[in-house]
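Structure, as structure tokens:
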Amino acid sequence: MSLDYVKFSNGFEKFMPKEYRDMVEHGPFGKKVTVSQMGSFKEVLEEHPMCAGCAMTLFIRLAMIAFPNPEDTITVGTAGCGRLAISQAAIPFVYGNYGDQNGVASGLSRGLRLRFGDKPKDVVVMAGDGGTADIGFQQVLHSWFRKERFTTIMLDNEVYGNTGGQESGMTNRGAVLKMAPLGKKFEKMNMVELAKVAGCAYVATVVPNNPRRVESVIKKAVLVAREIGPSYIQAYTSCNIEYAIPTDKVLEDAKAVENDRYQFQEYITEEAKQYLTERYGYKEFLAKPAAPAAAISGKV
Amino acid sequence: MYLVADINVEICAAKNCKLCTQYCPEANTILYSDELGKDKGFKYGSAYVAVDRCKGCAQCVWVCDNMAKNHAIKMVMIDQLPQAALTENITYGEKSTTAVLTSPVIG
């Protein structure tokens, strides 16, 4: 869990694959990289078996770049499409048995704090809508109630895409899917409000068609989880297979869904605002200077 | 044969948007070179595709056509590309990458 874990043992450099050498020499470890530099440095995410044009892959790629300290981060996932890519990155990945991911992350996060003290070691859970809102729902909610300090990211494709298209709690009412031919009879779960009620210090929804926003939201969520409390990000990452979206229209669909039910929302507690401002120099939460009196009464 | 994305250097090097590098779902696939296009007198560098990693989804085509409005990316059959970048021929630098273009089809 430091820069050293990726470095070569003496004498082994020439035997390592080119991709690995590039990652050690030109990867993001120990540097600050941003999405605007994409394409000019070696990313930690490698080739993976996810479908062509998958929006979830794009989101995971952006998330890996957004981690504030990738060399001090552990990702936790569970069954579902996402783990196929998350596990193919040069960031340690822990596989929680289906639904266990937030329980596993709770222990991991506590253990890392005992072992490393104040040195930040980030734990980030990335699981699908099924893993977070259905099968892992109890463990997710309880980790929030217990104020476990790690980030939970839901990769919401609104379907069980990995197993053939069953409806999930996050599927929209009325959606007809291959394994839900009569259409879903219940509303989409409102996990954002549940997260607020359960005590998350930072909650946001994003779609991947705005890379800078994805980057900003993930950075804030991970930083808040270091000291203040749990953070939750809900990302719309369409399944172009189960919803039959042509791959070159995936971003068009993301835009339409953003306008429909995934408008950008950000909730942050006052304590978290103060922490980000004082500790990490965020200026966006500072009180706006009062408008000069002349400007207010200018029309009089 | 299969389709891969191909970026027109002359159109790309005239702009400096780099949007396709941010929207490709595959990592380390659309890369940016400050050198590409400079030899032809263009102001900026150009993006290029590591064709061995491209899955042919064409999201970059949509981004280039609709968001950047440059129309610089087309999908082409890989055997119709005389020269292309492959991961093994890409060198990472401090702020940019360089690629030696070779025939992408073996034999």
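Each reported figure results from applying straightforward, stated rules to the coordinates on display, with no laboratory input. None of these values were measured; they are calculated from a predicted model. Note: ideal-geometry Cβ built from the backbone for every residue, glycine included; neighbour counts use all protein chains shown.
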At 37 °C and 0.692 mPa s, grab the translational diffusion coefficient of the range A:70-215 from Stokes-Einstein with a Kirkwood Rh over Cα pairs, rounded to a whole number in µm² per second. 205
Computed over the range A:15-79, the convex hull of the Cα set has an average projected area, in nm², of 5.6
Convex hull (Cα only) mean projected area of the range B:3-99, reported in nm² to one decimal: 5.7
Label-point separation (nm) for A:D118 and A:A290, each offset 7 Å from Cα along Cα-to-Cβ? 3.7
Mean separation of Cα contacts under 8 Å (at least 6 apart) over the residue count of the range A:67-163, i.e. the relative contact order in percent, is 33
Over all pairs of different Cα atoms in the range A:136-186, the reciprocal of the mean inverse distance gives a Kirkwood radius in Å of 12.5
Are there cysteines in chain B with no second cysteine's Cβ under 4.7 Å away, and if so, which? B:C12, B:C17, B:C24, B:C54, B:C57, B:C64
Restricted to the range A:3-282, the DSSP antiparallel beta bridge percent, nearest 5, is 25
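Rounded to the nearest 0.05, what FRET efficiency do A:K185 and A:F8 give with R0 = 45 Å and r taken as the Cβ-Cβ distance? Could you check?
After rounding to 0.05, the efficiency reads 0.20.
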Give me the log10 of I(q) over I(0) for the range A:50-134 at q = 0.26 Å⁻¹, as the Debye formula computes it from C-alpha points; what are the numbers? -1.34
Can you give the log10 of the normalised intensity I(q)/I(0) at q = 0.26 Å⁻¹, computed with Debye over equal Cα scatterers of the range A:159-234? -1.04
Taking chain A and counting helices only, DSSP H stretches of n ≥ 4 at -39,500 (n - 2.57) each over all residues, the nearest-500 ellipticity at 222 nm comes to -10000 deg cm²/dmol
Mean Cα-pair separation over length for chain A, i.e. relative contact order, pairs under 8 Å, 6 or more apart, %: 16
Looking at the range A:16-115, which trypsin sites (Lys or Arg not before Pro) are DSSP coil and have at most 16 other C-beta atoms within 10 Å of their C-beta? A:K31, A:K32
Antiparallel DSSP beta bridges within the range B:3-99, percent to nearest 5: 90
Which pairs, out of A:K249/B:K40; A:K255/B:K15; A:K249/A:K288; A:K31/A:K249; A:K14/A:K119; A:K7/A:K220, put more than 30 Å between their alpha-carbon atoms? A:K249/B:K40; A:K249/A:K288; A:K31/A:K249; A:K14/A:K119
Semi-axes of the equivalent ellipsoid of the range A:1-45: what are they in whole Å, largest first, if each equals the square root of 5 times a C-alpha gyration tensor eigenvalue? 21, 13, 6
Starting from the Cα-Cα distance between A:S87 and A:R173, subtract it from 0.36 nm times their residue separation and give me the gain in nm to one decimal. 27.8 nm
I'd like the Kirkwood hydrodynamic radius of chain A, using the inverse of the mean 1/r over distinct C-alpha pairs, in Å. 20.2
Share antiparallel - DSSP beta bridges, the range A:1-146, percent rounded to 5: 10
More than 14 Å apart - percent of Cα-Cα pairs taken over the range A:207-254: 59
